[in-house]
Amino acid sequence: MPRAGTRPPATKSIFDPIHGPIRLDGVALALIGTPEFQRLWGIRQTGFAHLVFPGANHTRLEHSLGTFWVAGEMAGRLGLAPELAQRVRAGALLHDLGHPPFSHTLDGPLREVTGERHERLSRRRVEGTDPAWPSDRQRVPEVLERYGLEPKQVAELIDPRRPSPRAPLPGSILHGAIDADRLDYLQRDAHYTGVAHGAIDAVRLFDTLRAAGGRIVFAEKGRSAVEGFVVGRALMYSSVYYHKAVRAAEMMAQGAVERSAGYPASARPLFDGVDGDLLAALRRGPAPSSELVLALLERRLVKRAYGVRVVPPPDRTRWRRWLEDPPARRSLEDEIAARLGGRPGSALVDLAGLAPRGDPAEDWGTVALGGPEAVVYPFRAPGPWRAFALRPTIDWPLSVYVAPRLRTPEAPARIRRVLERA
């Protein structure tokens with residue numbers, strides 16, 4: 001409830017193509033009017049997937065509204081107290097405030113420049129402690145406090161200081177193997193890309209949602225919906241999020257940022273705008289950043305010239321060091337480019353398949369079926385469903401993309417020799 005002396009905004013209903021009408025009032029309606037939240041209009045939900053799936057032009061703002069609705073639905077089914085449910089819904093609405101342009105595309109450069117993940121930046125904007133966000137545009141903490149919500153408590157739901165797959169019930173609504181975030185984006189991304197794999201049975205999941213022992217449990221009759229969720233998630237990652245052409249475009253954007261003037265020392269402002277701001281800034285800069293952006297705008301994508309599906313343990317250990325040392329990886333890219341007769345920026349190394357899982361809360365062993373007296377964990381024992389749940393999200397642990405003119409018959413052998421010597 002708002003504090004005495006304040007007038008609550010009128011109730012509004014926003015029609016959403018995934019969930020239908022989403023009712024907003026009070027704190028939610030006030031939050032969506034803040035500069036921090038309105039920025040999300042300009043950030044595509046699926047990065048550069050629109051270059052492969054032309055309908056994928058939906059934004060982080062739409063997804064945030066959807067996550068808000070799903071979190072509210074889950075909170076109601078789990079019987080959370082009204083005050084706690086309001087806090088969970090606020091956290092769901094604000095959980096993506098810290099995303100850089102093009103969403104996850106720039107996760108690597110963001111960590112290199114700021115030392116933080118986007119979840120930590122979301123926390124800072126909820127708390128009002130992000131030094132890069134203009135103080136005269138900080139509205140979120142003020143709105144939360146006006147409606148009796150403590151910003152730090154909301155921020156803790158978004159970015160737990162100690163993330164765990166066994167988080168208490170409110171936290172598991174936003175951080176779990178099957179949570180409000182995933183329940184929205186799998187359906188939303190499937191809808192806008194036209195790919196049917198993400199068409200999960202959300203209605204059945206909601207109907208079978210229970211609380212037992214302070215944890216989320218799905219009734220046994222919801223087993224097929226849970227299994228369908230696992231399948232849908234795995235197939236969306238392989239067919240959409242890590243589609244080879246999508247990854248090619250994302251690597252070009254990452255390369256353009258990493259090779260921009262003054263990177264990484266003066267690159268912080270690149271992450272605070274929207275998609276168009278980023279492209280415009282890089283387009284005005286020197287080559288190769290400007291050339292990579294122009295090629296993106298004209299959809300002249302780099303091509304995979306070399307890839308590895310199965311990485312032996314020694315190579316995995318050796319190659320993963322490039323994940324932790326981006327300057328060394330860029331030197332490797334330049335060496336490959338030179339070996340192929342290209343300029344810096346014309347070869348890009350994708351190591352996404354070697355990265356550790358990003359969210360420690362996504363532990364499929366904690367997904368429970370049953371009731372208060374008998375709970376089973378279907379993904380703990382070896383079997384086809386556990387294998388599917390743990391299936392790698394990308395088929396190629398290492399890929400090398402090059403400018404089209406450099407993808408010659410000799411290129412794979414030359415690239416392999418460079419990697420063997422590195």
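Remark: pairs (first residue in the stretch 340-351, basic (K, R); second residue at pLDDT 95 or above; Cβ separation under 7 Å; 6+ apart in sequence or on different chains) = R343/P288; R343/A337. For the stretch 375-385, indicate whether the set of residues that are over 25 Å from the mean Cα position of the chain (by Cα), among the β-branched types (V, I, T) and either outside any helix (DSSP H, G or I) or farther than 30 Å from P288 by Cβ (or both) is non-empty. Among the residues of the stretch 375-385, at least one is over 25 Å from the mean Cα position of the chain (by Cα), among the β-branched types (V, I, T) and either outside any helix (DSSP H, G or I) or farther than 30 Å from P288 by Cβ (or both), which makes the answer yes. Could you please let me know if R123 is under 24 Å from P101 (Cβ atoms), surrounded by 21 or more Cβ atoms within 10 Å (Cβ to Cβ) and not polar (S, T, N, Q)? Yes; evaluated as a whole, the condition is true for this residue.
Residue count for the stretch 126-148, restricted to those that are in a helix (DSSP H, G or I) and surrounded by fewer than 18 Cβ atoms within 10 Å (Cβ to Cβ): 6.
Scan the stretch 177-188 for residues that are under 18 Å from A155 (Cβ atoms) and either assigned to a helix (DSSP H, G or I) or modelled with pLDDT under 90 (or both) and the total you get is 2. Can you pull out every residue in the stretch 214-253 that is touching a strand residue (DSSP E or B) at 6+ places or on another chain (Cβ under 8 Å) and over 23 Å from L398 (Cβ atoms)? If the condition is that a residue be touching a strand residue (DSSP E or B) at 6+ places or on another chain (Cβ under 8 Å) and over 23 Å from L398 (Cβ atoms), then I216, V217, F218, A219, E220, G222, R223, A225, V226 are the ones that fit. Annotation: of all residues in the stretch 341-352 being within 16 Å of G108 (Cα to Cα) and not acidic (D, E), the one that is nearest to the chain's Cα centre (by Cα) is A352.
Residues in the stretch 398-417 that are among the aliphatic types (A, V, I, L, M) and over 30 Å from the mean Cα position of the chain (by Cα): L406, A411, A413, I415.
Tell me, which helices (runs of 4 or more DSSP H) lie completely within the stretch 244-340 with 3 or more residues that are more than 20 Å from the chain's Cα centre (by Cα) and not aromatic (F, W, Y)?
Counting at least 3 such residues, we get 275-284, 289-297, 313-324, 326-339.
With the structure loaded, tell me whether R44 is farther than 20 Å from L149 by Cα and modelled with pLDDT of 95 or more or whether it fails that test. Considered against the rule, which asks whether it is farther than 20 Å from L149 by Cα and modelled with pLDDT of 95 or more, R44 comes out as yes.
H191: in the same structural domain as H95 (by TED's automatic domain parsing) and at pLDDT below 95, yes or no? No: the conditions fail for H191. Only a single criterion out of (1) modelled with pLDDT under 90; (2) over 23 Å from A245 (Cβ atoms) is not satisfied by T393, namely (2). The selection criterion, being at pLDDT 95 or above, surrounded by fewer than 19 Cβ atoms within 10 Å (Cβ to Cβ) and under 25 Å from the mean Cα position of the chain (by Cα), holds for L29. The combined condition, being touching a Leu at 6+ places or on another chain (Cβ under 9 Å) and within 25 Å of R188 (Cβ to Cβ), is not fulfilled by L235. Do we have any residue at all in the stretch 145-161 that's at pLDDT below 95 and either outside the structural domain of P100 (by TED's automatic domain parsing) or over 17 Å from M74 (Cα atoms) (or both)? Yes, that holds for at least one residue. Every test in (1) within 26 Å of H175 (Cα to Cα); (2) charged (D, E, K, R); (3) surrounded by fewer than 14 Cβ atoms within 10 Å (Cβ to Cβ) is passed by D395 save one, and that test is (3). Checked against the criterion of being aromatic (F, W, Y), surrounded by 20 or more Cβ atoms within 10 Å (Cβ to Cβ) and touching an Asp or Glu at 6+ places or on another chain (Cβ under 9 Å), the stretch 315-323 has no qualifying residue.
Working only within the stretch 71-92, note down all residues that are surrounded by fewer than 24 Cβ atoms within 10 Å (Cβ to Cβ) and within 29 Å of A352 (Cα to Cα). The answer is none; no residue qualifies. Here L279 clears all of (1) modelled with pLDDT of 95 or more; (2) surrounded by 16 or more Cβ atoms within 10 Å (Cβ to Cβ); (3) of a type outside the set (S, T, N, Q); (4) in contact with a Phe, Trp or Tyr (Cβ under 8 Å, 6 or more places away or on another chain) except the condition numbered (4). For V257, the criteria (1) within 24 Å of E333 (Cβ to Cβ); (2) among the hydrophobic types (A, V, I, L, M, F, W, C); (3) modelled with pLDDT under 95 hold in every case but one, which is (3).
The values are calculated or read from the model by the stated rules, or taken from the named source; none is laboratory data. What you see is a predicted model, and the numbers here were worked out from it, not measured in a lab. Every residue, glycine among them, receives a Cβ derived from its backbone with ideal geometry; neighbour counts consider all protein chains shown.
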